[in-house]
Amino acid sequence: KVPVQKIVLRPQYAFFEYKVRTSDNVELVLEGTIFWAVKDVPRMIERTGDPKGDVWYHARSALIQAVSKVDLLEFMASFNTIARAAAADEAFYEERGVKLYSLEVTRYECADGKTASVLQEIIQETTNRINRMQKQRSDNEVEHEELTAKIEREKQRSALIEAQAANEKLQKSVEGESEGTRLAQNTLAFLRQLNVSVP
């Protein structure tokens with residue numbers, strides 16, 4: 001117990017370092033911060049002589065229980081969610097006139113050296129996998145854009161060929177019409193000459 005002259009109502013913080021075990025029996029050392037504050041002074045005085053200790057020990061107990069329900073991989077994937085769930089017991093804190101704002105895990109490591117090296121390998125492989133997936137996504141986007149450009153180019157080429165074919169058809173039609181008109185005029189001139197020379 002600490003002698004108290006003034007009760008601070010501002011949010012306070014306490015650092016922690018807890019040893020916990022996951023459901024697959026991996027021992028971890030968790031470090032983090034507990035943010036809390038006194039909310040109801042008369043209730044706090046009536047219910048507890050050590051509010052900081054109560055908050056610290058209850059948060060520790062809740063975090064140990066929450067971590068013991070998950071395996072190492074699940075813990076690594078969602079340790080902040082697990083910490084938030086461990087801090088969700090508002091009734092305990094309210095009963096003592098305090099409020100727990102957050103329980104944050106800022107660092108974790110394996111207590112055993114061998115397990116720590118395996119954990120580092122898992123983290124490295126996970127990082128490599130994420131990097132490979134991002135590279136593949138990027139490559140896929142580039143390939144998609146290239147295909148889209150090729151499709152657009154082929155559509156434009158197809159439109160050009162159709163336009164050229166229509167122009168060529170029109171040109172041949174005009175040439176044919178012109179040739180037909182010339183032949184018709186020659187035939188007409190020949191028939192006129194024939195009418196004049198043969199009575």
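The values are calculated or read from the model by the stated rules, or taken from the named source; none is laboratory data. These numbers come from a predicted model, not from an experiment. FYI the Cβ positions are ideal-geometry reconstructions off the backbone, even for glycines, and counts take in every protein chain you see. Accessible surface is based on the protein model in full, side chains and every heavy atom, while ligands, DNA and RNA are left aside. Shrake-Rupley method; radii C 1.70, N 1.55, O 1.52, S 1.80 Å.
Would you say L183 is in a helix (DSSP H, G or I) and either over 29 Å from A62 (Cα atoms) or open to solvent by less than 70 Å² (accessible area, probe 1.4 Å) (or both)? Yes: the conditions hold for L183.
Scanning segment 75-116 for residues that are hydroxyl-bearing (S, T, Y), at pLDDT 85 or above and touching a helix residue (DSSP H, G or I) at 6+ places or on another chain (Cβ under 9 Å) returns Y93, S102, Y108.
Being within 30 Å of E27 (Cβ to Cβ) and either modelled with pLDDT of 85 or more or loosely packed, with under 10 Cβ neighbours inside 10 Å (or both), is that true of even one residue in segment 154-162? Write out each step before concluding.
Going residue by residue through segment 154-162, those that are within 30 Å of E27 (Cβ to Cβ) are none.
Checking segment 154-162: not a single residue is within 30 Å of E27 (Cβ to Cβ) and either modelled with pLDDT of 85 or more or loosely packed, with under 10 Cβ neighbours inside 10 Å (or both).
Given the criteria modelled with pLDDT under 85, on the phi < 0 side of the Ramachandran plot and touching a strand residue (DSSP E or B) at 6+ places or on another chain (Cβ under 9 Å), does L191 qualify? Here the answer is no, as L191 does not meet what is asked.
Take the residues of segment 9-41 that are part of a loop (DSSP other than H, G, I, E, B) and open to solvent by 50 Å² or more (accessible area, probe 1.4 Å): which is nearest to K114 (Cα to Cα)?
The initial filter retains those residues of segment 9-41 that are part of a loop (DSSP other than H, G, I, E, B), namely 9-11, 22-26, 39-40.
Okay, now just the ones that are also open to solvent by 50 Å² or more (accessible area, probe 1.4 Å), so 9-11, 23-25, 39-40.
Working: L9: 45, R10: 43, P11: 39, S23: 18, D24: 15, N25: 14, K39: 45, D40: 47 Å.
Going through the qualifying residues, I end up with N25.
Scan segment 88-103 residue by residue and report those that are open to solvent by 20 Å² or more (accessible area, probe 1.4 Å) and closer than 26 Å to V26 by Cα. A88, D89, S102 - these are the residues of segment 88-103 that are open to solvent by 20 Å² or more (accessible area, probe 1.4 Å) and closer than 26 Å to V26 by Cα.
Go through segment 86-119 and report how many residues are under 30 Å from R43 (Cα atoms), aliphatic (A, V, I, L, M) and not in a strand (DSSP E or B). Steps first, answer last, please.
Here is the first cut: in segment 86-119, the ones under 30 Å from R43 (Cα atoms) are 86-105.
Now restrict to residues that are aliphatic (A, V, I, L, M): 86-88, 91, 98, 100, 103, 105.
Within this subset, residues satisfying the condition of being not in a strand (DSSP E or B) are 86-88, 91.
Selection size over segment 86-119: 4.
For every residue, the table says whether it meets (1) in contact with an Asp or Glu (Cβ under 9 Å, 6 or more places away or on another chain); (2) at positive phi; (3) of a type in the set (A, V, I, L, M, F, W, C).
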site	(1), (2), (3)
R21	yes, no, no
V29	yes, no, yes
I34	yes, no, yes
V38	no, no, yes
V41	no, no, yes
T48	yes, no, no
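Of the residues that make up segment 35-55, is at least one free of Cβ contacts under 8 Å to residues at least 60 places away in the same chain and aromatic (F, W, Y)? Lay out the reasoning, then the answer.
Quick first cut of segment 35-55, residues free of Cβ contacts under 8 Å to residues at least 60 places away in the same chain only: 40-55.
Narrowing the set further to residues that are aromatic (F, W, Y) leaves none.
No, segment 35-55 contains no residue that is free of Cβ contacts under 8 Å to residues at least 60 places away in the same chain and aromatic (F, W, Y).
Of all the criteria given as (1) out of contact with any strand residue (DSSP E or B) (no Cβ under 9 Å at 6 or more places or on another chain); (2) of a type outside the set (G, A, S); (3) open to solvent by less than 90 Å² (accessible area, probe 1.4 Å), the one not satisfied by M76 is (1). Of all the residues in segment 42-64, those that are under 20 Å from S102 (Cα atoms) and either surrounded by 13 or more Cβ atoms within 10 Å (Cβ to Cβ) or modelled with pLDDT under 90 (or both) number 15. Kindly indicate whether any position in segment 123-142 is surrounded by 10 or more Cβ atoms within 10 Å (Cβ to Cβ) and more than 21 Å from the chain's Cα centre (by Cα). No, there is no match, as no residue in segment 123-142 is surrounded by 10 or more Cβ atoms within 10 Å (Cβ to Cβ) and more than 21 Å from the chain's Cα centre (by Cα).
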